[in-house]
Amino acid sequence: MRSFVIALCLLVGCGGTTGSPTATDAGSVDVATRRTTLRVHYPVGARSLSLRGDLAGLSWERGVSLTRITADVWEWSSDQVARSFEWKPLLDDREWSIGSNYRASPGATLDIYPRFVARSGRWSRVMSAFHSAVLNNDRGLWLYFPPSYDENPTARFPVVYMHDGRNLFNPATAFGGNPWYAQDALNHGAEIGSIREAIVVGIENTPDRIDEYTPSRDAGRMAGGRGALYLRMLIEEVKPLIDRSYRTRPGAADTVLLGSSLGGLISAWAGVHHGQVFGNIGAMSPSTWWDDRMLLREVAMLRSLEARPRRIYVDSGDGGEGRDDVDNTAMLAQAIRAAGYRDEIDLRYVVQRGAVHNEVYWAQRLPGALAFLLGSRDP
């Protein structure tokens, strides 16, 4: 059932955009020679790599051997490519790479990092007491590694930082026993090519969740205001640990910050103040109402910022008590548009009809959010 929901969300709710942790330079063209170059990065050991495709000189029945450039890099190139074509690498000309066909255009140079065995990633609670000197408290950290991570050590991956880490993977720890099943969304997206493979870092909340997930103090609730310190923890302590410990792509373009409710609020606020770190922002059912809708005023600053998020995803439902704050969320989306963002280019705004404010519906919308923020596998 979860696979059906994920597939439905990918088809109806969310789509995808280009960009990949496992393929680069897909659009670069050697104008002088029009030479087309395909490079496959994979540790084959004593085995070999071949290429099949639908170009003249290639076929889907028998492979053409790739040339070994280094221990883990194999290459094919030609200056006779006159049209776009589809292709796939094979191990020993027997085992196909997993996923859809790759595509190449005349004159392009393409680097890919395939996998041939793994179809699922792995997740676990890797730390039970990560200590923050900034906040002077401890919390657990959860990590998901994509299918290619263990199989292909030449590949590096974007990173998705998500709040409320206990709710992401495991029914035994999730609120109400309803996790987001982030692993299913990413595994399925990797299988069909709709979502780039990525590492997920789930940061657990603490008893100070309200204070840590809010950037200002709400006088009416006499709470909040430690959000800036919480983000300092992510930027100065968590992210450096992840980047030095794992094969990440550390730049802002490959870094996502995503959360729901108050987690959506602090994610959106981080996009305004730390766009040089978090280049992709996901705000699911964000608490835009907080502190007399202070977020709407903050978002207006995006227009004048040089370092601002490259993509922003905003959503809500419209069911249940309070209708999931749909009116305020619509105003947030409009404020982002007023700052220069364009629908389905660098902004996606989704309203899930009938959805209420809980994990069940955030799980349903997660595949679409990730597809937009991470993009699809290139090419």
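Every residue in the range 158-177 that is part of a loop (DSSP other than H, G, I, E, B) and either among the small types (Gly, Ala, Ser) or more than 30 Å from Val40 (Cβ to Cβ) (or both), please.
In the first step, residues of the range 158-177 are kept if they are part of a loop (DSSP other than H, G, I, E, B); the result is 158, 163-164, 168-174.
Matches in the range 158-177: His163, Asp164, Leu168, Phe169, Asn170, Pro171, Ala172, Thr173, Ala174.
Table: residues versus (1) crowded, with 16+ Cβ neighbours inside 10 Å; (2) of a type in the set (S, T, N, Q); (3) modelled with pLDDT under 95.
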position	(1), (2), (3)
Arg125	yes, no, no
Asn137	no, yes, no
Leu143	yes, no, no
Met162	yes, no, no
Ala185	yes, no, no
Asp208	no, no, no
Ser216	yes, yes, no
Leu231	yes, no, no
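Test Gly340 against the criterion of being outside any helix (DSSP H, G or I), touching a residue at least 24 places away in the same chain (Cβ under 8 Å), surrounded by fewer than 16 Cβ atoms within 10 Å (Cβ to Cβ) and not acidic (Asp, Glu), and give yes or no. Break it down stepwise before answering.
Details: outside any helix (DSSP H, G or I): yes; touching a residue at least 24 places away in the same chain (Cβ under 8 Å): yes; surrounded by fewer than 16 Cβ atoms within 10 Å (Cβ to Cβ): yes; not acidic (Asp, Glu): yes.
So Gly340 fits the description; yes.
Do the conditions hold for Ala155, that is, is it in the same structural domain as Val360 (by TED's automatic domain parsing), buried (at least 20 other Cβ atoms within 10 Å of the Cβ), among the small types (Gly, Ala, Ser) and in a helix (DSSP H, G or I)?
No; evaluated as a whole, the condition is false for this residue.
Here is a list of conditions, (1) modelled with pLDDT of 95 or more; (2) surrounded by 20 or more Cβ atoms within 10 Å (Cβ to Cβ), and Thr70 meets all of them except one; can you say which number that is?
Among (1) modelled with pLDDT of 95 or more; (2) surrounded by 20 or more Cβ atoms within 10 Å (Cβ to Cβ), Thr70 violates only (2).
List every residue pair whose Cβ atoms sit under 9 Å apart, with the two residues 6 or more apart in sequence or on different chains, where the first one lies in the range 59-88 and is over 17 Å from Arg35 (Cα atoms) and the second, anywhere, is part of a strand (DSSP E or B) and at pLDDT below 95.
Close Cβ pairs satisfying both conditions: none exist.
Starting from residues that are more than 24 Å from Asn358 (Cα to Cα) and assigned to a loop (DSSP other than H, G, I, E, B), keep the ones in the range 178-195 and report whichever is farthest from the chain's Cα centre (by Cα). Quick ask: steps written out before the conclusion?
Let us first name the residues in the range 178-195 that are more than 24 Å from Asn358 (Cα to Cα), namely 190-194.
Cutting the leftovers down to assigned to a loop (DSSP other than H, G, I, E, B) gives us 193-194.
Numbers: Gly193: 13, Ser194: 11 Å.
Looking at residues that are more than 24 Å from Asn358 (Cα to Cα) and assigned to a loop (DSSP other than H, G, I, E, B), I get Gly193.
The values are calculated or read from the model by the stated rules, or taken from the named source; none is laboratory data. The structure presented is a predicted model; accordingly, all values stated were derived computationally and were not measured. Glycine also receives a Cβ, built like all others from the backbone with ideal geometry; neighbour counts cover every protein chain displayed.
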